[in-house]
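Just so it is clear, none of the values below were taken in a lab; they were calculated from the coordinates. This is a predicted model, so every value here is computed, not measured. Heads up, the Cβs are rebuilt from the backbone with ideal geometry, glycines too, and the neighbour counts pull from every protein chain shown.
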């Protein structure tokens with residue numbers, strides 16, 4: 001989504017040098033902006049009080065559902081929230097137990113500090129008290145989680161929803177709801193951050209563009225919900 005916003009910005013402001021690097025996680029973005037290594041950051045969780053004390057400014061731009069997705073080999077495209085808990089807790093170990101393929105479940109999770117995992121624990125039924133199975137792979141980035149689900153038969157993973165996930169993956173309905181449905185229970189807020197006193201004309205131009213009607217269209221096309229400040 002940010003790559004698309006960046007491409008639109010670059011087309012409009014060809015004189016400004018813009019780079020949208022791969023995700024380093026919300027914590028990594030906060031550390032990079034706080035230290036002055038980077039000028040703008042992307043986060044998918046609210047700032048903690050200790051981070052606000054760094055002088056960081058938080059600007060929400062989009063609401064993005066948290067998606068559960070699997071390798072197509074699983075044969076499963078819908079789960080109840082209870083079944084999802086049983087999968088990630090290790091109670092269900094083969095997709096055939098859910099009417100899918102006779103294939104071992106390969107669990108992919110994110111690290112404890114990941115913003116999507118924090119939101120899932122706060123909003124997905126049963127996740128606040130769930131203990132992860134020890135038989136899980138920990139993906140350090142969203143891209144890593146997606147790659148694991150694409151490459152490993154039987155894999156299930158989670159991360160922010162975007163429409164490109166539908167290409168080559170099963171985006172799973174939870175309790176009958178697709179991530180873009182109003183009744184879907186879990187979402188994150190995507191926001192830009194910068195340090196007080198560092199805002200210059202180039203940064204302001206990008207922030208303004210990220211909140212423009214054109215950017216809102218791009219966000220909607222990717223399955224997100226634009227947030228106006």
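Overview of results
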| read-out | value |
| --- | --- |
| Helix-only mean residue ellipticity at 222 nm for the chain, each DSSP H run of n ≥ 4 adding -39500 (n - 2.57), per residue, nearest 500 | -9000 deg cm²/dmol |
| Rh (Kirkwood; distinct C-alpha pairs) - the chain, Å | 18.5 Å |
| Whole-number Å³ per residue for the convex hull built on Cα positions in the range 66-174 | 86 Å³ |
| Ranking of 92, 146 by count of other Cβ atoms within 10 Å, fewest first | 92, 146 |
| Exposure proxy order (Cβ contacts within 10 Å, fewest to most) of 5, 16 | 16, 5 |
| Relative contact order of the chain, defined on C-alpha pairs under 8 angstrom at six or more residues apart (%) | 34 percent |
| Folded to 0 to 90 degrees: helix 142-151 orientation relative to the chain principal axis, Cα | 40 degrees |
| Order of 194, 88, 13, 209 - criterion: other Cβ atoms within 10 Å of each residue's Cβ, fewest first | 13, 209, 194, 88 |
